[in-house]
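Engineer: Before I ask anything, let me first share the structure, which is written out below as structure tokens.
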Amino acid sequence: MVVSSYKFRLYPTKTQESRLDDAMIPKDKVYSKAAQMVLWQFYNNLKTLSSLSKKDKLIGKLRFKPKSRYNSINYNQSGFKLLPDNIIKLSKIGKIKCVIHRKILGKIKEIHVKKEITGVWHAIAICENECKKSCSLLRKKIIAIDVGINNYCYDSDGHVIKHPQILKNSEEKLKRSQRKLSRKVKGSSNRLKEKLRLAKIHQKIKYQRNDFLHKISRHYVDNYDTIFVEELKIQNMVKNHHLAKSISDSSWNSFFQKLEYKAANAGILFAKVAPHGTSQSCSNCGRMVKKTLAIRTHHCPYCGLVIDRDYNASLNIKQRGIDSLPTGCREVTPLERTSLAVIQADHGHVISMNQETNHFSDE
Ligand SMILES: [Zn+2]
């Protein structure tokens, strides 16, 4: 089973909006859906805390949750219905206009209705899908993707996707708004306005990043039948302060998650391989060629191979992935490995999927 979620925008009328606001705040009567969910969540939190403390994990205390932080309602199993022409019916709220921009696959198990700080409403549909059985065991179009600091990713077909620089582009705006906010008097309406402005900038960054990640993950799932990446240890990488910001901005984890569920839905293989040595060993002769992060070109003194460091890593990831497949599933012979290394001369042409994606690249 694959669980996927679909987020779409809701456009409630003024009356519906006040009904939704009302429904989000738990009342003393326990029959309302919202109150039931709050109790349920509270019970679950307590259960998790006690099980963590039994395992000698460090735990904090439950925090008081003010009214303002109740910003969502959950409908589990019932109380909602999707109607034709972009309408969603929620019990006690009514028929709300929405934009379902993607086809929802599978059975909807739950719907979360959420109000963002910016006042925008979203519905998140949680669906369950059967994993598609892979059509063929023979892996023909295999791609390995190496994510990196210099480029967003480099794949084993020699394609480069540049960093979208989303955070960098909005950084000035963010800083300005944060500065302004800190100068406003607490509780004033001007502070509230600035808070809203800041939330909108954050929301835009989130939308742009998601859009970018959806496009590139879709590109790989549509064009290949096997995708290999390497296991990431982002926690350790973020400790390096020079890289921390660009790594956090890259959201590789989110990229891999999107690849994973899209691959599962499409019935193609997605797998992570062990990362050690993928950037150091030579993809052509297999010898170790030590290099620091600053050295961007792999220059093998043993076999003379000269290629981009990330391209070399992606070829290693690909080979490691192929080696992990049962022999019957490999159509790639060791021959292909050498021929791949030979196309080095042509390394680094930039993938362009459509104009919007180009817009996020550096050019
Ligand atoms: Zn070599």
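Coordinate-derived values only; no laboratory data. These numbers were taken from a predicted model, which means no experiment stands behind them. Neighbour counts run over all protein chains shown; Cβ positions are idealised from the backbone, glycine included.
Engineer: Using the crude model of +1 on Lys and Arg Cβ and -1 on Asp and Glu Cβ, and no other charge, please compute the dipole size for the range 2-129 relative to its Cα centre, in debye to 20.
Structural biologist: Once rounded to the nearest 20, the dipole reads 140 debye.
Engineer: Once amide H atoms are built 1.01 Å from N in the peptide plane, which residues 5 or more positions from R287, or in another chain, come under 5 Å H to H?
Structural biologist: C282
Engineer: Further, regarding this structure: Sort 295-304, 268-277 for me by packing, meaning the mean count of neighbouring Cβ atoms within 10 Å per residue, highest on top.
Structural biologist: So the peptides 295-304, 268-277, ranked by packing, come out 268-277, 295-304.
Engineer: Also, I was wondering about something else. Can you tally the net charge around L83? Count Lys and Arg as +1, Asp and Glu as -1, for every other residue whose Cβ sits under 14 Å from the Cβ of L83.
Structural biologist: Surrounding charge for L83 is +3.
Engineer: Once the dipole of the range 2-129 is set up with Lys and Arg at +1 and Asp and Glu at -1 on Cβ about the Cα centre, which of V113, N74, L58 lies farthest towards its positive end?
Structural biologist: Final value for the positive-end residue is L58.
Engineer: Let me check I've understood the local charge: for Y11, count other residues with C-beta under 10 angstrom from its C-beta, Lys and Arg +1, Asp and Glu -1. What total comes out?
Structural biologist: Net charge in that neighbourhood comes out at +1.
Engineer: Within 9 Å, Cβ to Cβ, of V147, how many net charges do the neighbouring residues add up to if Lys/Arg are +1 and Asp/Glu are -1?
Structural biologist: Local net charge: -3.
Engineer: Going by how many other Cβ atoms sit within 10 Å of their own, how do C127, C98 line up, fewest first?
Structural biologist: C127, C98
Engineer: Using only alpha carbon pairs under 8 Å that are at least six residues apart, calculate the relative contact order of the range 51-114 and give it in whole percent.
Structural biologist: On the way: 53 pairs, mean separation 20.9, N = 64.
RCO, the range 51-114: 33 percent.
Engineer: Provide the FRET efficiency to the nearest 0.05 for the R69-K47 pair, computing r from the beta carbons and using R0 = 25 Å.
Structural biologist: Details: r = 21 Å, r/R0 = 0.84.
Approximately 0.75, to the nearest 0.05.
Engineer: Where in the range 37-81 are there chymotrypsin sites (Phe, Trp or Tyr not before Pro) that are in a DSSP coil and have at most 13 other Cβ atoms within 10 angstrom of their Cβ?
Structural biologist: F64
Engineer: Apply the Karplus parameterisation 6.51 cos²θ - 1.76 cosθ + 1.60, with θ equal to phi minus 60°, to every residue of the range 197-202 and state each ³J(HN,Hα) to the nearest whole Hz, in sequence, with x for glycine and proline.
Structural biologist: Once rounded to whole Hz, the list reads 4, 5, 4, 5, 5, 4.
Engineer: Moving to a separate point now. Extending each Cα 7 Å along its Cβ direction at D22 and A266, get the distance between those two points in nm, one decimal.
Structural biologist: For D22 paired with A266, the spin-label model returns 4.7 nm.
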